[in-house]
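Below is one structure, written out as structure tokens; the observations come after it.
Please treat every number below as a calculation from the coordinates, not as lab data. Not measured: the values here are computed from a predicted model. A quick note on method: Cβ atoms are made from the backbone with ideal geometry, for glycine too, and the neighbour counts reach across all protein chains shown.
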């Protein structure tokens, strides 16, 4: 009796091996499909400025911070600023400031990081600035200071960029700018890159936004991928000039910024959660602003399979409820979800009021939604960005796909005698992008 040596049996065995190899290739490659760089990253040479980014470390009505870097040939940096004017000789009136500079060794060589905070600016005024040295100046960029009144304004919020940032996240930030070119700042809810101390990946992030980073200020909070061995990556503080009004030891990752009638709070969900709770209560208790948004990385209620953050709910959620935090802008779970009807019950049992929790993803790495549904609107396998507009007593929210579709929308209206009134504006003709059969990666 022939067991294995006929031509047909050999073919069947070969077919089984081929099928097995395909299975292994597909289901082991998916989690790592985006764990690489496939777009050409550019590095400035000969002292030219790169990684130019606007942030705030003080009052947005009268200050503006800018940070950039150069290669090892330029150890001193300067910035020039002047009120913008349509006449091309506006720069003749510019004043020059010397930067604070620190060095950092990277896998791409020694880099110098330079930062300047422009002070004594006029509110609601357009300024022009540039950075560099006499040999290597950047182009002139514009920014506008905040109003000291209740002017309407918009902001852009991004969930995780993380992987293939230049290749695929670039379309998120560029689409967002096209949708909201007059947005006053951008919020990044952690995991901006994948490997905490990779200079090449950080360069991807700056390349993807390019001049947008230099004209629209960023508010960033760190995710778990900004940490290595439980330590915040070495690039965070040199490349972002952020407020130091938070918890000791968490400078420039825990802070708040008051922008007109909004208090914008960044929390660090990676460490010292109890210490942050004590600080957060003081910041929420003494808050004269009409609106309060909080951003942090790990969601209060998970939007992916097999994940939970009980300690956050125990320590932070009672403060959100007590002091009426309007929205929480989160990342980490690589899906989209937003809602207020949470597994533990509605936040405030009064017409469904309470904090609106949003989880979103702007990069290409995707996870699977959980079986238990707490969200009012959800999506999988979808790159999104969010535009939030605050106009007096009304907050307008919309979530957009990177291809320009309105995916989700609502309004929150302030009421003197109760929680915010929610007005749903979900597009009636657009079903949820819910792909339970498509698990695109390990949830970690």
Expected-Rg normalisation [2.2 N^0.38 Å, Cα atoms] applied to the range 50-144: 1.10
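What percent do you get for the relative contact order of the chain when only Cα pairs under 8 Å and 6+ apart count?
Numbers: 1053 pairs, mean separation 61.6, N = 444.
Answer for the chain is 14 percent.
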Highest average packing first - 327-335, 152-160, 224-232, 112-120, Cβ atoms within 10 Å: 327-335, 152-160, 112-120, 224-232
Rg/Rh ratio calculated on Cα atoms of the range 172-226 (Kirkwood radius): 0.97
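Give me 326, 191 sorted ascending by neighbouring Cβ count inside 10 Å, so fewest comes first.
Result, fewest neighbours first: 326, 191.
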Rg [Å, one decimal], Dmax [Å, integer] - the range 211-358, C-alpha atoms: 15.2, 46
Alpha-carbon spread of the range 99-253, three principal axes, descending order, Å: 44, 35, 35
Distribution of pairwise C-alpha distances over the range 153-424, 5 Å bins, in %: 1, 6, 14, 19, 21, 19, 13, 6, 1, 0, 0
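Where both partners of a DSSP beta bridge lie in the range 153-424, what percent of those bridges are antiparallel, to the nearest 5? Before the final figure, lay out each step's value.
Values: 41 of 61 bridges.
Of those bridges, close to 65 percent are antiparallel.
Could you line up 414, 111 from fewest to most neighbouring Cβ atoms inside 10 Å?
414, 111
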Centre separation in Å (Cα based) which lies between the range 243-293 and the range 370-389: 25
Sorted by Cβ density within 10 Å, fewest first, the residues 211, 140: 211, 140
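Give the percent of DSSP beta bridges with both residues in the range 156-259 that are antiparallel, rounded to the nearest 5.
So the antiparallel bridges amount to about 25 percent of the total.
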